[in-house]
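For reference, the structure is listed below as structure tokens.
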Amino acid sequence: MERLTDHVVRLGTWIVNWYLLADDEGVTVIDGAVPAYSRQLEPGLAELGRSLDDVKAIVLTHAHADHVGVVRKLQARLGIPVYVHRADRDLATTAKSFGRNDGSMLPYLRRPMTYRLLFELGRNGGMIPQKIENVTVFDDGDELPVPGRPHAIHSPGHTDGHTSFVAGDVLFAGDALCTLNPLTGERGPQLMPSAFNRSTEQALASLDNLGGTHASLLVPGHGDPVREPNGAIGQARSRGAT
């Protein structure tokens, strides 16, 4: 757990992040990591001086299994809405991937990091997709009516509905880029591995959508936060596909 700003707390582990975004109206959970990480929620809320009663919504950057793990349980417990981009609604509500990704996992099986990832996800329930019964959809450019008022920036490629968010001076990048490659272990701003992307070419193009937001901190789904988001986006663009 890490307090990043007065209003943002980073939860998760070395391999996958999720976040709490707070304002005077309450707290929004950004992404949902894997099921066993639910134990992190109340300590994270306490860091903000909040409790479970303050959690008003869950917002997803996308609906992959390692980003929705706590969502179904938390929604059932609190009766709060779950927001996902319209193009990821079916992925969220059926937990079934549609179509093939750009790359194969096979080239990564020689990498020790791949097995560390699979072990971490497996022991924490992250290998089994979680269906979300009820979702509220949004579109590109929407300001969501939840604490922190995150502004949606559609950034497809990793999934069709992948969306990043700007709230205050923080850019929640999701898996539009990472600073720790979860299959190779390489650090620094870069695209997610092609084995996880619906279209790596589209993901690369979507980086253009993230520039010029005036955010001063970029927080990814995998890896450490970085200052100077525009510089990080440029680095990821120059590295290209992995």
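The values are calculated or read from the model by the stated rules, or taken from the named source; none is laboratory data. Predicted model, so just to flag it, every value in this text is computed and none were measured. Cβ coordinates were reconstructed from backbone atoms using ideal geometry, including for glycine residues, and neighbour counts include every protein chain displayed.
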Q.
Can you pull out every residue in region 123-155 that is under 26 Å from Ala241 (Cα atoms) and surrounded by fewer than 17 Cβ atoms within 10 Å (Cβ to Cβ)?
A. Met127, Asp140
(Q) For the structure I just gave you, tell me whether Asp90 is among the acidic types (Asp, Glu), in a loop (DSSP other than H, G, I, E, B) and at negative phi. (A) no
Q: Output the residue which, of all residues in region 41-53 that are surrounded by fewer than 17 Cβ atoms within 10 Å (Cβ to Cβ) and in contact (Cβ under 8 Å) with a residue 24 or more places away in the chain, is nearest to Val219 (Cα to Cα).
A: Glu47
Q: Among the candidates Gly79, Gly12, single out the residue that is out of contact with any helix residue (DSSP H, G or I) (no Cβ under 9 Å at 6 or more places or on another chain) and at positive phi.
A: Gly79
Q. Of the residues in region 1-40, how many are in contact with a Leu (Cβ under 8 Å, 6 or more places away or on another chain), surrounded by fewer than 23 Cβ atoms within 10 Å (Cβ to Cβ), polar (S, T, N, Q) and under 19 Å from Asp175 (Cβ atoms)?
A. 0
Q: Provide a single number: the residues in region 149-173 that are in contact with a Pro (Cβ under 9 Å, 6 or more places away or on another chain) and under 18 Å from Gly234 (Cβ atoms).
A: 3
Q. Being under 24 Å from Ser194 (Cβ atoms), surrounded by 14 or more Cβ atoms within 10 Å (Cβ to Cβ), over 17 Å from the mean Cα position of the chain (by Cα) and of a type in the set (A, V, I, L, M), is that true of even one residue in region 94-103?
A. no
Q.
Go through (1) buried (at least 16 other Cβ atoms within 10 Å of the Cβ); (2) over 26 Å from Leu183 (Cβ atoms) for Ala76 and report which single condition fails.
A. (1)
**Q.** region 68-88, residues that are among the basic types (Lys, Arg) and either under 30 Å from Ser51 (Cβ atoms) or modelled with pLDDT under 95 (or both)
**A.** Arg72, Lys73, Arg77
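Would region 53-68 turn up any residue that is more than 16 Å from the chain's Cα centre (by Cα) and part of a helix (DSSP H, G or I)? Lay out the reasoning, then the answer.
Of the residues in region 53-68, the ones more than 16 Å from the chain's Cα centre (by Cα) are 53-56.
Right, trim to part of a helix (DSSP H, G or I) and you get 53-54.
Among the residues of region 53-68, at least one is more than 16 Å from the chain's Cα centre (by Cα) and part of a helix (DSSP H, G or I), which makes the answer yes.
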